[in-house]
1. Let's see if you can work this out: charge +1 on each Lys and Arg Cβ, -1 on each Asp and Glu Cβ, no other charges. What is the dipole magnitude of the chain about its Cα centre, in debye to the nearest 20?
2. What is the log10 of I(q)/I(0) for the chain, computed with the Debye formula using one identical point scatterer on each Cα and no solvent, at q = 0.15, 0.16, 0.19, 0.21 Å⁻¹?
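Please treat every number below as a calculation from the coordinates, not as lab data. From a predicted model like this one, the values you see are computed outputs, not experimental measurements. All Cβ positions, glycine included, derive from the backbone under ideal geometry; neighbour counts span all protein chains shown.
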Amino acid sequence: MVEESKALRARLAKIDNEYDEGIIDGRRCKSAKDNVDIDWKR
C-alpha cells in the first residue's frame, strides 16, 4: 500500500512538472490527474 501511494505521488509530480514545462496542456493535465485519482480510489 505504501509503495503504491509513493508511485501515485510520483505520477502526480511528473504530471505537474510536464504541465509546468509546457509539455502538456491544461486539458491533458486534468485528464491525467483524474486518471491518477481513479487509481488512488481502487
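1. It works out to roughly 160 debye.
2. -0.35, -0.39, -0.53, -0.62
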